[in-house]
1. Using a basic spin-label model with each label point 7 Å from the Cα along Cα→Cβ, how many nm lie between Ala280 and Ser138?
2. Points 7 angstrom from Cα along the Cβ direction at Ala177 and Gln53: gap in nanometres?
3. Using just the Cα positions, wrap the chain in a convex hull and report its mean projected area in square nanometres, one decimal place.
4. Spin-label point model (7 Å from Cα, Cβ direction): what's the Asp20 to Glu79 distance in nm?
5. Would you mind working out the accessible area per residue for the chain, using a 1.4 Å probe, and quoting it in Å²?
6. Take the alpha-carbon positions of the stretch 75-224, form their convex hull, and give its projected area averaged over all directions (one quarter of the hull surface) in nm².
7. Once the piece of chain linking Glu95 and Ala166 is laid out straight, how much longer is it, given 0.36 nm per residue of separation minus the C-alpha distance between them?
8. In whole percent, how big is the carbon plus sulfur part of the accessible area of the stretch 9-281, probe 1.4 Å, protein atoms only?
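The values are calculated or read from the model by the stated rules, or taken from the named source; none is laboratory data. Please read these numbers as outputs of a predicted model, since none were measured by experiment. Glycine gets a Cβ as well: all are built from the backbone with ideal geometry, and neighbour counts include every protein chain shown. The protein model used for the area step is the full one, side chains on, heavy atoms only, and it has no ligands, DNA or RNA in it. Shrake-Rupley method; radii C 1.70, N 1.55, O 1.52, S 1.80 Å.
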Amino acid sequence: MTAASEGAVLDCGGRPLSLDRPRIMGVLNVTPDSFSDGGHFLDLERARAHARQMVAEGADVIDVGGESSRPGANPVPLEQELDRVIPVVEALAGEVDCPISVDTYKPQVAQAAVAAGAGLLNDIRALQEPGALEAAASLGVPVCLMHMQGRPQTMQAAPEYRDVVAEVADFLAARVAAAEAAGVPRASLLLDPGFGFGKTLAHNYQLLRGLDRIAALGLPVLVGMSRKSMIGQLLERPLEERLAGSLGAAAVAVFQGAHIVRTHDVAATADAVRVAAAAASA
Ligand code: 7PM
């Protein structure tokens, strides 16, 4: 880990998240299930059970996302995202002890989620949405700034970089400066290179190899590679056969300085990152 971010403790709306060792962020998707009642009771129960399970497996943060950010996906209207995300955040905040993060780039969703008990903003647009900087500054919770080239609908068409690691690092440094200028304290920022967000397979592996240069910016680094196409394309495996590859990637990321690993597979990832952390600090 880098000196400046080593041992940092984030205050996630009153819930501490210590980065003295690598931490696990469990992914909780709250897209409606087609077999549900269409509104929501069963969806909510399913989300609560999944979150409890992830906490039991060792999740340190639960990331609630309403699918607004998925590669190739169409934007989700504000009201629909609020409807999906806020009841889940509220229920989880009342029943798990760990911080809840919200995967959104919409300042209105961020605001409502923090009011409902979320303690961390996970923003794939790095506070570039109108009003997002101001909202983050006034909400006072930590923010993860993620790099993306282009927009979700089109970003995988033809990603291009001269030096992907340098360009991602420069972008993140500029977003840190913008956040600080807007009144978000540096100590409440995290950085994420945005694996799969406007990157080719080669770009993704160059970023993984060069993650230490992102960590050298001196802020905690979060990574999300779980089940992504950088695993599936390389190994030629469908979604449900990407666990082993994802664990390999998670271990490398932690060895290269990542502090938080975002994953669908909490128990296995927790073991993998412990091994990597032991090797990194031996
Ligand atoms: C389909 C494609 C569904 C991609 C879901 C995804 C990240 C994130 C996502 C990440 C941070 C996923 C992605 N990825 N937030 N949200 N970092 N901070 O695999 O890499 O969950 S959405």
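1. About 3.6 nm, to one decimal.
2. 4.6
3. Working: hull surface 53.8 nm².
With the hull built on Cα positions only, its mean projection is 13.4 nm².
4. Modelled inter-label distance: 4.8 nm.
5. Working: 11940 Å² over 282 residues.
Accessible surface, normalised per residue, equals 42 Å².
6. Working: hull surface 35.5 nm².
Answer in nm², one decimal: 8.9.
7. Working: separation 71, 0.36 × 71 = 25.56 nm, distance 4.15 nm.
Length difference between fully extended and current span is 21.4 nm.
8. Details: 6040 of 11340 Å².
The computed percentage sits at 53.
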